[in-house]
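K.L.:
First the structure, then my questions, so here it is.
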Amino acid sequence: MKKIQMVDLKGQYEQIKDQVNTSIQEVIDNTAFINGPEVHSFQKELEEYLDVKHVIPCANGTDALQIAMMGLGLEQGDEVITADFTFAATVEVIALLKLTPVLVDVEPDTFNINPEAIRKAITPKTKAIVPVHLFGQIANMDEIMAIAEEHNLCVIEDNAQGIGSTYQFKDGKKVKTGGIGHVGATSFFPSKNLGCYGDGGAIFTNDDDLAHTIRGIVNHGMYVRYHHDVVGVNSRLDSIQAVILRAKLPLLDSYNNARRAAAKKYNKAFEGIAHIITPRVKGNCDSAASTICDTCNCHVFHQYTLRIVDADRDALVKHLNDNGIPCGVYYPIPLHNQKAYTDDRYNEADFPVTNQLVKEVISLPMHTELDDEQIEFITTTVIEFLNK
């Protein structure tokens with residue numbers, strides 16, 4: 001059996017090696033390293049894939065979130081509601097812009113922001129909601145968009161873990177994530193479903209005026225060289241990363257299908273095993289009654305995350321590592337308990353789900369190169385530990 005990786009980037013690279021190497025050499029030969037034609041080509045191809053009017057590439061996913069908020073003109077003290085159970089970048093940019101982060105609890109089955117918790121957190125100062133499509137499953141965008149419309153709020157999708165997924169609204173309309181809210185942001189960090197070989201990100205919107213503003217912000221506030229019309233930043237995707245993303249984009253659906261197939265095999269192996277709650281899909285699609293959909297891509301499994309109940313999760317982590325199986329705990333500390341983001345406004349009683357999840361979640365290896373032998377070894381090792 002080949003060595004198990006949490007993410008097998010080398011194995012994935014082998015399939016596109018010739019195209020990637022040739023394209024990188026072409027960038028080096030023509031020396032168009034920043035904002036070159038490859039970046040513009042990738043932008044157009046991603047717009048077509050997502051069926052969104054505007055893609056603005058940038059330097060990384062955190063920048064993408066920050067620039068999206070800057071483009072919306074949010075002002076110091078404005079409240080932005082987001083999930084307590086997610087990576088810190090989501091709340092980090094809110095704090096950096098001197099906005100007021102408002103953390104709320106998540107749903108126990110999807111790990112995504114709870115719409116009822118959003119409703120309870122809205123005040124006259126609330127200006128935006130940031131749903132995170134955590135681990136590749138889409139947040140409840142029917143409810144979130146309805147809440148936003150009711151209260152005249154902006155919706156900023158954190159699509160760093162969900163690119164390629166499609167949301168089916170209750171009326172049957174299907175939209176790819178990132179193009180549902182007023183603006184979306186994603187990361188092309190190497191381990192993402194669509195990842196480059198360095199840092200990269202992008203902002204999405206169907207709003208022409210917002211897109212124009214954001215294009216200036218990413219380039220020092222310039223639309224004409226040395227004319228600075230807005231306060232901006234330096235956040236641009238480089239051409240070498242663009243050619244890697246161009247090579248991978250046509251394969252994104254197959255990558256996501258491979259992840260979903262691996263997740264189904266995991267779920268099948270863990271069926272009926274005590275102490276394990278496997279991931280479930282919760283959406284409006286035709287297959288939503290099943291554990292994982294067969295006919296749509298409403299979950300793209302950036303992570304395959306179990307809940308370990310009434311058992312020692314941390315001991316399981318050690319056991320897996322001792323047996324050469326990498327795993328991760330995403331995330332071990334709620335954001336409201338992180339030193340940088342603690343606030344007297346928060347009450348522990350408002351976060352029962354998040355406070356429980358951080359004790360139970362464990363993510364197993366998930367990538368496009370997982371094979372049956374590896375999955376069998378991983379699942380057998382988990383089950384043997386829990387059955388001791």
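The values are calculated or read from the model by the stated rules, or taken from the named source; none is laboratory data. Remember, predicted model here, so these are calculated numbers, not experimental data. Note: ideal-geometry Cβ built from the backbone for every residue, glycine included; neighbour counts use all protein chains shown. Quick note on the areas: whole protein, heavy atoms, side chains included, nothing else; ligands and nucleic acids left out. Shrake-Rupley method; radii C 1.70, N 1.55, O 1.52, S 1.80 Å.
K.L.:
Just report the Cα centroid separation between the stretch 128-169 and the stretch 320-388, whole Å.
P.N.:
23 Å
K.L.:
Sort 212, 151 by heavy-atom solvent-accessible area, probe 1.4 angstrom, most to least.
P.N.:
Details: 212 100, 151 75 Å².
Solvent-accessible surface, decreasing: 212, 151.
K.L.:
Right, another one. Counting only residues 5 or more places away or on other chains, whose amide H sits under 5 Å from the amide H of residue 126 once H atoms are built in the peptide plane?
P.N.:
Answer set, sorted by chain and number: 79.
K.L.:
What is the extension gain from residue 16 to residue 337, computed as 0.36 nm multiplied by their sequence separation minus the C-alpha to C-alpha distance, in nm to one decimal?
P.N.:
Numbers: separation 321, 0.36 × 321 = 115.56 nm, distance 4.23 nm.
In short, 111.3 nm is gained.
K.L.:
Mind scanning 2/174; 268/359; 120/248; 173/248; 125/264 and naming the pairs with a C-alpha gap bigger than 32 Å?
P.N.:
Values: 2/174 39 Å; 268/359 24 Å; 120/248 41 Å; 173/248 27 Å; 125/264 43 Å.
Pairs exceeding the cut-off: 2/174; 120/248; 125/264.
K.L.:
While we're on this one: Of the residues 345, 119, 236, which exhibits the maximal mean-square fluctuation in a Gaussian network model of the chain defined by a 10 Å Cα contact cut-off?
P.N.:
The residue that fluctuates most here is 345.
K.L.:
Let me ask something additional. Over the chain, what is the relative contact order in percent, taking alpha-carbon pairs closer than 8 angstrom and at least six residues apart? Show your work: numbers first, answer last.
P.N.:
Working: 794 pairs, mean separation 82.0, N = 388.
In percent, rounded to a whole number, it is 21.
K.L.:
Along the charge dipole of the stretch 179-251, pointing to its positive end and built from +1/-1 on Cβ of Lys, Arg, Asp and Glu, which listed residue (196, 184, 224) has its Cα farthest out?
P.N.:
196
K.L.:
A further question follows. By accessible area of protein heavy atoms, probe 1.4 Å, what ranking do 70, 222 get, highest first? Walk me through the intermediate numbers first.
P.N.:
Working: 70 45, 222 25 Å².
Ranking 70, 222 by accessible area, largest first, yields 70, 222.
K.L.:
What are the equivalent ellipsoid semi-axes of the stretch 288-380, built from the alpha-carbon gyration tensor (square roots of five times its eigenvalues), in whole angstrom, biggest first? Before the final figure, lay out the partial values.
P.N.:
Numbers: eigenvalues 162, 73, 30 Å².
Equivalent-ellipsoid dimensions as semi-axes: 28, 19, 12 Å.
K.L.:
Local charge sum around residue 127 (other residues, Cβ-Cβ under 11 Å, Lys/Arg +1, Asp/Glu -1)? It would help to have the intermediate numbers written out before the result.
P.N.:
Values: positive: 125; negative: 75, 78, 79.
Overall, the nearby charge balance is -2.
K.L.:
Divide by every residue of the chain the summed helix terms, -39500 (n - 2.57) for each DSSP H run of at least 4, and state the resulting mean residue ellipticity at 222 nm, rounded to the nearest 500 deg cm²/dmol. Before the final figure, lay out the partial values.
P.N.:
Numbers: 12 runs with 146 residues, N = 388.
Mean residue ellipticity at 222 nm (helix-derived): -11500 deg cm²/dmol.
K.L.:
Run the accessible area of the chain with a 1.4 Å probe and give the carbon-and-sulfur part as a rounded percent. Don't jump to the answer; show the numbers that get you there.
P.N.:
On the way: 8120 of 16740 Å².
Accessible surface attributable to carbon and sulfur in the chain totals 48 percent.
K.L.:
I would also like to ask the following. What does the net charge come to around residue 301 if you take all other residues with beta carbon closer than 9 Å to its beta carbon, with K and R at +1 and D and E at -1?
P.N.:
Details: positive: 259, 260; negative: none.
With Lys, Arg at +1 and Asp, Glu at -1, the net is +2.
K.L.:
Right, another one. Leaving out ligands and nucleic acids, note down the accessible area per residue over the stretch 249-355 with a 1.4 angstrom probe, in whole Å².
P.N.:
I get 49 Å² per residue for the stretch 249-355.
K.L.:
Keeping every protein chain in place, order 187, 254, 41 by accessible area at 1.4 Å, biggest value first, i.e. largest first. Please list the in-between numbers first.
P.N.:
Numbers: 187 15, 254 60, 41 40 Å².
From most exposed to least exposed: 254, 41, 187.
K.L.:
Also, I was wondering about something else. For the stretch 305-320, just list the computed ³J(HN,Hα) in residue order, Karplus coefficients 6.51, -1.76 and 1.60, θ = phi - 60°, integers in Hz, with x standing in for Gly and Pro.
P.N.:
Rounded to whole hertz, the list is 10, 8, 10, 9, 10, 6, 8, 8, 4, 5, 5, 5, 4, 4, 4, 5.
K.L.:
If contacts are Cα pairs under 8 angstrom and at least 6 residues apart, what is the relative contact order of the stretch 125-244 in percent? Before the final figure, lay out each step's value.
P.N.:
Working: 220 pairs, mean separation 19.8, N = 120.
That works out to 17 percent.
K.L.:
What is the chain by shape, rounded, prolate or oblate, if you read a ≥ b ≥ c off the alpha carbon gyration tensor as root eigenvalues and call it rounded for a/c under 1.5, prolate for a/b larger than b/c, and oblate otherwise?
P.N.:
Values: a/c = 1.76, a/b = 1.18, b/c = 1.50.
The shape class here is oblate.
K.L.:
Tell me, what is the FRET efficiency for residue 291 and residue 344 to the nearest 0.05, using R0 = 41 angstrom and their Cβ-Cβ distance as r?
P.N.:
Working: r = 41 Å, r/R0 = 1.00.
About 0.50, to the nearest 0.05.
K.L.:
Starting from 0 in steps of 10 Å, tell me what percent of the Cα-Cα pairs of the stretch 135-247 lands in each bin.
P.N.:
Calculated P(r), rounded to whole percents: 13, 36, 34, 15, 2.
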